[in-house]
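Quick notes on the structure that follows.
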Amino acid sequence: MTEKTATPININFLGEFSIQLGSAEINDSDNRTRKVWLLLAYMIYYRSRPIPPEELISLLWGEDGRSSNPANALKTMFHRARTALSQLDERAGRTLILRREGTYAWNTDIPLNLDIDRFDALYQAGIQTKAPAERLNFWLEALNVYQGEFLSKLSAEPWVVPIAAHYHNLYIQMALETLSLLEKQRRWQDIISLCRGVLGQDPYMEELYRYLMNAQIQLGEQNSAVKVYEDMSELLLTQFGVMPSDEMLSLYREAIRTVNDHTVSSGVILEQLRETNSGSGALLCDYDVFKAIYQCFARAVARSGDAVHLALLSISGPDGKELPRRSLDRVVENLQELICAGLRKGDVAARCSVSQFVFLLPQANYENSCMVCDRILKSFTRQYPHSPAQLHAIVQPLEPNP
């Protein structure tokens with residue numbers, strides 16, 4: 001390998017960090033050489049300037065973790081880095097990493113192809129063109145270049161964090177603008193494929209689910225859209241304790257409404273309405289469904305005057321503090337079983353936040369409703385005496401809908 005070599009070195013920063021020369025490739029799949037890859041990544045990214053040894057020692061070992069002989073340790077690390085590079089070409093280690101006037105530098109005379117440079121170039125090309133079709137092609141290619149977070153296995157490194165955030169934000173921004181262009185062209189299958197890929201990188205962005213569900217509905221895949229909504233609802237509730245927006249709920253209702261896209265018999269309708277796996281205990285449903293049931297009861301109570309009470313059961317840690325997520329998830333799972341078993345068959349329950357359940361108690365007065373809640377709380381304490389969870393219940397009458 002010489003500085004006049006015609007074959008450029010391909011560097012991938014997005015996702016798996018890899019260095020490729022011709023058919024030879026090395027990558028950061030081996031966690032035992034993490035510091036070697038950290039050193040190589042830093043040298044390549046900051047290749048435009050010489051780097052003093054003190055900067056690299058701080059990078060590799062920090063202020064508190066330096067060895068007794070940091071200069072020697074750094075030389076050892078460079079030896080390991082050069083040995084790794086020599087897997088590309090027997091002379092690559094010495095050719096690519098240079099020692100100049102007490103500093104280290106990456107040899108910029110050797111041509112490089114960096115995925116982040118291509119990503120940036122394609123994005124800018126899309127910005128500069130006035131033709132929507134050309135912009136779409138540039139951006140679709142750029143999105144395909146993004147194979148994951150910048151230096152994903154080094155994501156905790158302070159110098160990596162802002163760079164990774166920049167490319168991730170640019171990726172999401174470009175994806176949303178690309179989806180808008182695809183939607184205008186009614187390229188529904190392309191939207192589905194793109195959304196699936198982007199959700200693999202950022203599974204919490206509701207706007208992506210909107211594009212995905214709408215495309216599925218347009219293609220007549222209502223059942224798939226319903227499944228997407230249900231999975232998204234569970235994810236948002238579990239991770240953030242929030243429910244999908246009204247816009248997402250509207251798409252969900254559209255998907256549900258159009259599942260039967262042709263006239264069906266009353267027998268089929270009744271079969272679809274029939275509860276499967278019906279057993280004793282309360283009906284557990286999604287919070288969106290619970291709201292509709294609540295509103296139905298509120299209308300009925302205004303007319304009949306029957307007693308219906310609403311109970312809110314909240315979970316907290318000792319002294320009212322939040323429980324750790326793993327502990328909270330275990331409490332929620334156990335409590336959900338007790339709620340379903342402890343309520344009557346005509347009662348309705350739902351999880352309404354990351355740490356709360358709500359249930360309707362028809363034909364139950366205030367005293368009986370309090371007794372029901374107290375029974376569930378005591379049952380939890382009896383079955384899980386060592387749980388750190390503190391349970392609190394509030395009971396109030398359902399307000400009639402005027």
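The values are calculated or read from the model by the stated rules, or taken from the named source; none is laboratory data. Bear in mind the structure is a predicted one, so any value in this text is a computation, not a measurement. No Cβ is skipped: glycine too gets one built from the backbone with ideal geometry, and neighbour counts run over all protein chains shown. Surface areas here come from the heavy atoms of the whole protein model, side chains and all, with no ligands, DNA or RNA. Shrake-Rupley method; radii C 1.70, N 1.55, O 1.52, S 1.80 Å.
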* Asked: Among the residues of segment 280-298, how many are assigned to a helix (DSSP H, G or I), open to solvent by 50 Å² or more (accessible area, probe 1.4 Å) and of a type outside the set (A, V, I, L, M)?
  -> 6
* Structure fact -> Of the conditions (1) modelled with pLDDT under 95; (2) within 27 Å of Ile217 (Cα to Cα), the single one that Gln173 does not satisfy is (1)
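Given the options Glu333, Glu367, name the one that is surrounded by fewer than 16 Cβ atoms within 10 Å (Cβ to Cβ), modelled with pLDDT of 90 or more and under 30 Å from the mean Cα position of the chain (by Cα). Write out each step before concluding.
Working: Glu367 fails: under 30 Å from the mean Cα position of the chain (by Cα).
Glu333 is the lone residue from the list that is surrounded by fewer than 16 Cβ atoms within 10 Å (Cβ to Cβ), modelled with pLDDT of 90 or more and under 30 Å from the mean Cα position of the chain (by Cα).
Would you mind stating whether Asn107 is closer than 30 Å to Ala24 by Cβ, exposed (fewer than 15 other Cβ atoms within 10 Å of the Cβ) and among the polar types (S, T, N, Q)?
No; evaluated as a whole, the condition is false for this residue.
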* Failed condition for Gly148, given (1) at negative phi; (2) touching a residue at least 40 places away in the same chain (Cβ under 8 Å) -> (1)
* Which number in (1) modelled with pLDDT of 90 or more; (2) assigned to a helix (DSSP H, G or I); (3) farther than 22 Å from Gly102 by Cα marks the one condition that Thr33 misses? -> (1)
* Tally time: how many residues in segment 345-364 are closer than 19 Å to Ala307 by Cβ and either free of Cβ contacts under 8 Å to residues at least 60 places away in the same chain or under 37 Å from the mean Cα position of the chain (by Cα) (or both)? -> 11
* Residue, nearest to Arg186 (Cα to Cα), within segment 201-212, restricted to residues that are open to solvent by 30 Å² or more (accessible area, probe 1.4 Å) and part of a helix (DSSP H, G or I) -> Arg210
* Can you find even one residue in segment 125-143 that is touching a Leu at 6+ places or on another chain (Cβ under 6 Å), of a type outside the set (S, T, N, Q), surrounded by 15 or more Cβ atoms within 10 Å (Cβ to Cβ) and under 23 Å from Leu39 (Cα atoms)? -> no
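Please find, within segment 213-269, the residue that is modelled with the highest pLDDT out of those that are part of a loop (DSSP other than H, G, I, E, B) and among the aliphatic types (A, V, I, L, M).
Kept after step one, since they are part of a loop (DSSP other than H, G, I, E, B), are these residues of segment 213-269: 219-221, 241-245, 258-265.
From what is left, the residues that are among the aliphatic types (A, V, I, L, M) are 219, 242-243, 259, 264.
Values: Leu219: 95, Val242: 79, Met243: 80, Val259: 64, Val264: 50.
The qualifying residue modelled with the highest pLDDT is Leu219.
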* Asked: Are any of the residues in segment 151-163 open to solvent by less than 50 Å² (accessible area, probe 1.4 Å), touching a strand residue (DSSP E or B) at 6+ places or on another chain (Cβ under 7 Å) and within 22 Å of Arg47 (Cα to Cα)?
  -> yes
* For residues that are among the β-branched types (Val, Ile, Thr), modelled with pLDDT of 90 or more and within 29 Å of the chain's Cα centre (by Cα), tally how many sit in segment 270-325. => 1
* Asked: When residues of segment 371-394 are filtered for being open to solvent by 80 Å² or more (accessible area, probe 1.4 Å) and either in contact with a Phe, Trp or Tyr (Cβ under 9 Å, 6 or more places away or on another chain) or without any contact (Cβ under 8 Å) to a residue 12 or more places away in the chain (or both), how many remain?
  -> 6
* Of residues in segment 299-315 being in contact with a Ser or Thr (Cβ under 7 Å, 6 or more places away or on another chain) and crowded, with 18+ Cβ neighbours inside 10 Å, the one nearest to Cys373 (Cα to Cα) -> Ala311
* Structure fact -> Scanning segment 168-200 residue by residue, those open to solvent by less than 30 Å² (accessible area, probe 1.4 Å) and within 18 Å of the chain's Cα centre (by Cα) turn out to be Leu170, Tyr171, Ile172, Met174, Ala175, Ile192, Leu194, Cys195, Val198, Leu199
* Quick one: count up the residues across segment 337-364 that are in a helix (DSSP H, G or I) and open to solvent by less than 70 Å² (accessible area, probe 1.4 Å). => 4
